[in-house]
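Have a look at the structure below, then the notes.
Every read-out reported here was derived from the displayed coordinates using simple, explicitly stated rules and does not represent laboratory data. Quantities reported herein were computed from a predicted structural model and do not represent experimental measurements. No Cβ is skipped: glycine too gets one built from the backbone with ideal geometry, and neighbour counts run over all protein chains shown.
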Amino acid sequence: MPILTAPRFSFERPFGRESDSVCRVRAAWISDVHLGTRGANAGALLDFLREYEFETLYVVGDLIDIWQLRRGIYWPQQHNDVVQKILRKSRKGTRVVYIPGNHDDMLAKFYGAYGNITLQKHAIHRLADGRRMLIIHGHELDTVVQNIKWLAFAGDIGYQFLLSLNPAINFVRRRFGFGYWSLSAYAKKRVKDAVSFIGRFEEEVVHYAKKFSVDAVLCGHIHSAGIRQFGAVTYYNCGDWVESCSALVERQDGVVEIINFHPFSAGRNVPNRPTALTPTSISSG
């Protein structure tokens, strides 16, 4: 097995990058954009798509929130711009792999290749260092989504309500000189059951990945970006574009980084300087 290269985190957004110094990477992964909702940070994603060029772009589910669009139409110009930008990249040669999630599951009816865009249930990506990575959205292993759909819908409504409070809270915080803070993220991380769920979810994803004989697995779904080591399998989560505004990118040497593009990032005026972080070693049980 190839030697595992320590993943790297980049928590600072590369603001101020000149248009002629676009960062070119082998691959990028985005998920949980939730276009069609007021919580989607489409502007931050557009910045990311403008500042990075990739050979392959993986859209790991929930690009469009069809659940929310069924409740009411909300589709500002920036949401349309995101779709157009992805289509434009595909026309210019970027291979786009779209893996539907639970909020855009109706797209699963259209699996197949459409020019440079492919819709498929899951994908296997070979990293530059030779490792094989399984890519799934992750809802397949969420017992609530799969077995108690009414509860998943109710939970989504509650989550959207908490998200709707974030702008007002942060308007007040900025007036007093405080940085960005997310009520919905705080609630998710502080509720004991939610923390336990995330831990179990990561373990289930890694256990599922072993069936494919891969060295790594990447997903989205839980809006919690991270890199963890479970025995011989590396777990990656590319986060979301509602709260963390994060993506995963693979550099030319195979190093995988988490990139943060949050509009209220503390490092918004600081050049991008990734810092190394050794993945946490966890027994998969």
With an 8 Å cut-off on Cα pairs and a minimum separation of 6 or more residues, tell me the relative contact order of the stretch 47-121 in percent. 38 percent
Shape call for the stretch 38-80 from the C-alpha gyration tensor, a ≥ b ≥ c root eigenvalues: rounded (a/c under 1.5), prolate (a/b greater than b/c) or oblate? oblate
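Can you give the net charge of the other residues whose Cβ lies under 13 Å from the Cβ of A108, counting K and R as +1 and D and E as -1?
Values: positive: K109, K121; negative: D62, D104, D105, E140.
Computed value for this residue: -2.
Which entries in K85/K121; K121/K210; K109/K211; K89/K211 show an alpha-carbon gap greater than 27 Å? Mind dumping the intermediate values first?
Working: K85/K121 23 Å; K121/K210 17 Å; K109/K211 25 Å; K89/K211 33 Å.
Over 27 Å Cα-Cα: K89/K211.
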Starting at the first residue of the stretch 59-75, write each ³J(HN,Hα) from the Karplus equation 6.51 cos²θ - 1.76 cosθ + 1.60 with θ = phi - 60°, in whole Hz, x for Gly and Pro. 9, 9, x, 6, 5, 10, 8, 5, 4, 6, 5, 6, 7, x, 7, 9, 8
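I need the peptides 103-116, 63-76, 237-250 ranked by packing, meaning the mean over residues of other C-beta atoms within 10 angstrom, with the highest value on top. The partial results should precede the final answer.
Details: 103-116: 13.6, 63-76: 16.4, 237-250: 25.2.
My ranking of the peptides, most packed first, is 237-250, 63-76, 103-116.
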